[in-house]
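Right, one structure below, let's go through it.
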Amino acid sequence: MSTERKRLFIKTYGCQMNVYDSQRMRDVLTPLGYEPSDTPEGADLVVLNTCHIREKASEKLYSELGRLRPLKEAKAGSGTPMTIAVAGCVAQAEGAEIMNRAPVVDLVVGPQTYHRLPELIANTHRARGEALDTEFEPDEKFDALAIGRQVEGYTAFVTVQEGCDKFCSFCVVPYTRGAEWSRPVDQITAEIRALAAQGVREVTLLGQNVNAFHGAPPAGREADGPWTLGKLLRHVAMIGGIDRIRYTTSHPRDMDDALIAAHRDVPEVMPYLHLPVQAGSDRILKAMNRKHTFDEYADVIARVREARPDIAISGDFIVGFPGETDADFEATMEGVRRVSHASAFSFKYSRRPGTPGAALPGQVDDAVATERLHRLQALLEDQQRAFNEAQIGKTLPVLFEKHGREPGQLHGRSPYLQSVHCDAPEHLLGQIVDVRIMSATRSSLSGVLAAGKADAA
């Protein structure tokens, strides 16, 4: 991240509540690198926090904007753009009129939404083609990295996408990683072919929001336009030596029909989907700015399961988000029971400076959040144990990756990403071998080689 500091000037009109709001604006913008300025002349960001109580509030605003206009024009000419925001009650009442009447204004934000200033500022910079917190563009980074990676083992991660445009109110990624950006398909496949040549059998495609992938198509296929993740999965599956494909992390809003169809049609795509929902309460999901309801999430899961009935679902959950009531938490518990997860990650909400969630009222007491987390984790662990125990008696293809803890034992992964332990000869390392599952715990499976598999090449 860039260490360059930016200057912030806030002019406050009106009541003590506005004074408080201005201070909170400073608080949420500080983690983005803004420090106070006493005058607008040297500021990179100017916020006019308006009041509608007194007469002629609008006139005062437009008069101030008239004084700021030449400052903004001068800074633009010097290559150091100024952003002007109008906040407070006048912004709430006359937002559209302000934007129409005063083109010098970049954004307006009402008194109930100032905690979203970091998101709005980030979007303003992106609209100008500016990076907020990066020293170089992602394509430059990947161009600078050698394609010919040296890896150990038979699995590898491959980054295909960076950044996120979702602005969940608990997350810093949109500010620290920037806008969604996808690598070109040819660059990705060149890297994967090099990995396959080293013996890699399984790749996991990575991204902060990987199913929002929209990379440039292969050379000669420019007419296709940007490729989606579903199309990329089918393309990667044709690379010789690559027998397994996974991807993470996903967002429910980006699970399109083409991606779901890839789960149905492409056997190399493993029957495992990590799809975070975060909460079961629609009220909390709205406060998180997830832009989906729990029913919409459950519908996506149902469509995926229809396409691939044997798929294992993994998820993420946050408890103790600001404003979460007992009823909201029980909605999350009921959502977990409704969907049933093979595995999941769960956390207590943690305030991240600079995120909208950090400024929300109703922060949940830590002891309450801890008790809720323990209850949720107990339910999730029961579901994970039940899913693992359901594999007993089945024969699963296991990719052996390394030696196990016991002599003569190998460790591998099932299609569902479960750890599998099995007595097996060393020459099966790097091979995908059928294993009959004999026992299960919450965290792993144990089995024996299927008949005749010990002599596999």
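Give the stretch 244-270 a look and list any residue that's buried (at least 20 other Cβ atoms within 10 Å of the Cβ) and not in a helix (DSSP H, G or I), or say none.
R244, I245, R246, Y247, S250, H251, M255, V269, M270
Assess whether Y272 counts as being in contact with a Leu (Cβ under 6 Å, 6 or more places away or on another chain), of a type outside the set (A, V, I, L, M, F, W, C), closer than 24 Å to L232 by Cα and in the same structural domain as L373 (by TED's automatic domain parsing).
So Y272 fits the description; yes.
Among the residues of the stretch 353-378, write down those that are of a type outside the set (S, T, N, Q) and surrounded by 17 or more Cβ atoms within 10 Å (Cβ to Cβ).
Just the residues of the stretch 353-378 that are of a type outside the set (S, T, N, Q), to begin with: 353-354, 356-362, 364-369, 371-376, 378.
Within the stretch 353-378, G354, P356, G357, A358, A359, L360, V364, A369, R372, L373, L376 qualify.
So is R308 in contact with a helix residue (DSSP H, G or I) (Cβ under 6 Å, 6 or more places away or on another chain) and surrounded by fewer than 16 Cβ atoms within 10 Å (Cβ to Cβ) or not?
no
Suppose the filter is within 17 Å of L205 (Cα to Cα), surrounded by fewer than 18 Cβ atoms within 10 Å (Cβ to Cβ), modelled with pLDDT of 95 or more and of a type in the set (G, A, S); does A237 pass it?
yes
Can you say whether F345 is under 30 Å from V28 (Cα atoms), modelled with pLDDT of 95 or more and within 26 Å of the chain's Cα centre (by Cα), as far as the supplied structure shows?
Considered against the rule, which asks whether it is under 30 Å from V28 (Cα atoms), modelled with pLDDT of 95 or more and within 26 Å of the chain's Cα centre (by Cα), F345 comes out as no.
Here are R308, R246, R290: which of them is touching a residue at least 40 places away in the same chain (Cβ under 8 Å) and under 29 Å from R351 (Cβ atoms)?
On inspection, the qualifying residue turns out to be R290.
Can you pull out the helices (runs of 4 or more DSSP H) entirely within the stretch 33-137 that have at least 2 residues that are touching a Gly at 6+ places or on another chain (Cβ under 8 Å), surrounded by 13 or more Cβ atoms within 10 Å (Cβ to Cβ) and at pLDDT below 85?
Here the list reads 89-101, 117-127.
Among all residue pairs at least 6 apart or on different chains, which show Cβ distances below 8 Å where the first residue, located in the stretch 50-61, is basic (K, R) and the second is at pLDDT below 75?
If the second residue must be at pLDDT below 75, the pairs left are R54/G14.
Would you confirm, using the coordinates I've provided, whether A223 is outside any loop (DSSP other than H, G, I, E, B) and not polar (S, T, N, Q)?
yes
Do we find a residue being within 15 Å of G163 (Cβ to Cβ), out of contact with any strand residue (DSSP E or B) (no Cβ under 6 Å at 6 or more places or on another chain) and either in contact (Cβ under 8 Å) with a residue 24 or more places away in the chain or assigned by TED's automatic domain parsing to the domain that holds P276 (or both) anywhere in the stretch 210-223?
If we filter the stretch 210-223 for residues that are within 15 Å of G163 (Cβ to Cβ), which is where we start, we get 210-215.
The next check asks that each one be out of contact with any strand residue (DSSP E or B) (no Cβ under 6 Å at 6 or more places or on another chain); those that pass are 211-212.
Now narrow it down to the ones that are either in contact (Cβ under 8 Å) with a residue 24 or more places away in the chain or assigned by TED's automatic domain parsing to the domain that holds P276 (or both): 211-212.
Yes, the stretch 210-223 contains at least one residue that is within 15 Å of G163 (Cβ to Cβ), out of contact with any strand residue (DSSP E or B) (no Cβ under 6 Å at 6 or more places or on another chain) and either in contact (Cβ under 8 Å) with a residue 24 or more places away in the chain or assigned by TED's automatic domain parsing to the domain that holds P276 (or both).
The values are calculated or read from the model by the stated rules, or taken from the named source; none is laboratory data. What you see is a predicted model, and the numbers here were worked out from it, not measured in a lab. No Cβ is skipped: glycine too gets one built from the backbone with ideal geometry, and neighbour counts run over all protein chains shown.
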